[in-house]
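Trainee: This is the structure I have questions about; it appears just below.
Read-outs: derived from the displayed coordinates by stated rules, not from any lab. Predicted model only: the values in this text are computed from it and were never measured. Backbone-built Cβ (ideal geometry, glycine too); neighbour counts: all protein chains shown.
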Amino acid sequence: MIHIAICTPELAYGDAVSNDVFGMFKVLSSCDFKVKIFAENIFVTEPEVEHIDNIRDYIKGIDDILIYHFSIGWHKGLEYLTDLNCKKIIKYHNITPPDFFYGFSNDHVVLCKAGREHLSIIAKMNSDLYLNDSDFNMREMISSGAEVSKNFVIPPFNNVERLMEIKPNFNILDRYNDGKTNILTVGRISPNKGLADLIDAFEIYNRYYNPDSRLIIVGDNKNSRLYTYIRYLYHKLVYLNLEDKVIFTGKVSDEDLKTYFLTSKVFTSASHHEGFSVPLIEAMSMKIPIAAYGGPGAVRDTIGEAGLVWEEPDIDLISASVDEIVSNEDAYFYLGEIGWKRYKDHFTNQKIKENFLEIINKLL
């Protein structure tokens, strides 16, 4: 029987790449393939995961398949990807350019530099398939040397169905359903996410449009390697006198995440670099209108026409877009409905499963 190994540097609950790995594992297992997950840093107990160093005992035949989730520089993973004699599939989630981390985190600079170097190697190693989260990622993979005919767009498997099914945290609902306009953003607290711009845009909205508003930032704010950046954001809040109006929730449970969506009027993103951005489809699935900076990354690919998206990181445009959504009921409901339709048409796990299996069946 063919063995399929799904590999990633790190697995953790609540992580977008990890959710994609779990989704692939679930789909392939349900089709009666023999599948195992391998990682170097493992922070989950379910499903069972083996250390990457055990992969040579599992992948032994030329018809076995290695699915390599590529999202960061990973020397050990690249070594196995290069050495193993089997069929190979690359799932490309994008590599954040290291420039964003200069002055904030040397560790991230090193990892992202390595990832960018590995991109050229992986693109040119003639793997059997390249699966990309977005058109943006596919264009980057092809421009780095991968064969066009082997490249496909497959959005990442996601946790949206679980968010829809679980109950919210009623304590959070009570706390934030207080008549104020809640503006939400979700994601890693990282320099490429444009949070400084988003705070500036919120300051304009709060001062000139709606003083009875708050910005809720959901994401891990305890990463010691990004302490300098996180501290910079907190100092900005003090300088702008927004300490009581901008809420950093830290990393939250799925129940809490759902609740923050339910209490929010608008989802915002000022990110300067995205390979996909799962929180955008979470917002669309809950009919939360989106105002975002599209930029050179994948935000426009993900949102399509389901939001107010600007090509320039203009904080005045972002704040005015939030006001248009909040104050114009027709715009609010229209954007919510087309966001929901876009999620249903493109990003349900069933749609992703169908596309994923259709493509990898080329190798089976």
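Trainee: Return the Rg/Rh value of the stretch 73-191, two decimal places, where both radii are evaluated on C-alpha atoms and Rh is the Kirkwood radius.
Mentor: 1.11
Trainee: In terms of the Cα gyration tensor, with a ≥ b ≥ c the square roots of its eigenvalues, is the stretch 161-347 rounded because a/c is under 1.5, prolate because a/b exceeds b/c, or oblate?
Mentor: In terms of gyration-tensor shape, rounded.
Trainee: Within straight cross-link reach of residue 258, meaning Cα distance under 17 Å, which lysines are found once same-chain residues fewer than 8 apart are removed?
Mentor: Within the straight-line limit of under 17 Å, residue 258 reaches these lysines: 167, 287.
Trainee: Quick one: length gained pulling residue 144 to residue 120 fully straight, 0.36 nm per residue minus the C-alpha distance?
Mentor: 8.1 nm
Trainee: Let me ask something else about it. Find how much the distance from residue 209 to residue 62 grows on full extension, using 0.36 nm per residue of separation minus their present alpha carbon separation; answer in nm with one decimal.
Mentor: Residue separation times 0.36 nm, minus the Cα-Cα distance, leaves 46.7 nm.
Trainee: Using unit Cβ charges (K, R positive; D, E negative) and no other charged atoms, how large, in debye to the nearest 20, is the dipole of the chain about its Cα centre?
Mentor: 480
Trainee: How large is the Rg to Rh ratio of the chain when both quantities use alpha carbon positions and Rh follows Kirkwood?
Mentor: Details: Rg = 20.7 Å, Rh = 21.2 Å.
Ratio of gyration radius to Kirkwood radius for the chain: 0.97.
Trainee: Calculate the tail of P(r) for the stretch 123-255: the fraction of all Cα-Cα distances greater than 19 Å, expressed in %.
Mentor: The answer is 64 percent, as a whole percent.
Trainee: Relative to the first principal axis of the alpha-carbon coordinates of the chain, what is the inclination of helix 349-360, with its axis defined by its Cα atoms, in degrees from 0 to 90 and to the nearest 10?
Mentor: Rounded to the nearest ten degrees, it is 30.
Trainee: While we're on this one: Just how far, in whole angstrom, is the stretch 316-357 from the stretch 263-281 if you go by their alpha carbon centroids?
Mentor: Cα centroid to Cα centroid, the span is 11 Å.
Trainee: If you don't mind, another one. What's the percent breakdown of Cα-Cα distances in the stretch 194-276 across 5 Å bins, shortest bin first?
Mentor: The calculated distribution, bin by bin, is 3, 12, 23, 26, 21, 11, 3, 0.
Trainee: How many times 2.2 N^0.38 Å is the alpha carbon radius of gyration of the stretch 262-337? Please report the intermediate quantities before stating the final value.
Mentor: Working: Rg = 11.3 Å, N = 76, 2.2 N^0.38 = 11.4 Å.
Dividing the Cα radius of gyration by 2.2 N^0.38 Å gives 0.99.
Trainee: Right, here's the next one. On a 0 to 90° scale, report how tilted helix 195-204 is relative to the longest principal axis of the chain, with both axes built from alpha carbons and the result rounded to the nearest 10.
Mentor: 20
Trainee: Which Cα, out of 308, 229, 201, lies furthest along the positive dipole direction of the stretch 161-347 (beta carbon charges, K/R +1, D/E -1)?
Mentor: Positive-most Cα among the choices belongs to 229.
Trainee: Rounded to the nearest 0.05, what FRET efficiency is calculated for residue 43 and residue 82 with R0 set to 25 Å and r the Cβ-Cβ distance?
Mentor: After rounding to 0.05, the efficiency reads 0.40.
Trainee: May I pose another question? Helix 16-30 versus the longest principal axis of the chain: what angle, 0 to 90°, nearest 10, using Cα atoms?
Mentor: For helix 16-30, the angle is close to 50 degrees.
Trainee: Within straight cross-link reach of residue 88, meaning Cα distance under 21 Å, which lysines are found once same-chain residues fewer than 8 apart are removed?
Mentor: 26, 34, 36, 60, 76, 124, 150, 353, 362
Trainee: Let me ask you something else. When the chain is modelled as a GNM with alpha-carbon springs shorter than 10 Å, which of 44, 160, 246 fluctuates the most?
Mentor: Of the options given, 44 has the highest mean-square fluctuation.
Trainee: Can you find, among 111, 80, 8, the residue farthest towards the positive end of the dipole of the stretch 3-157? Put +1 on the C-beta of Lys and Arg, -1 on that of Asp and Glu.
Mentor: 80
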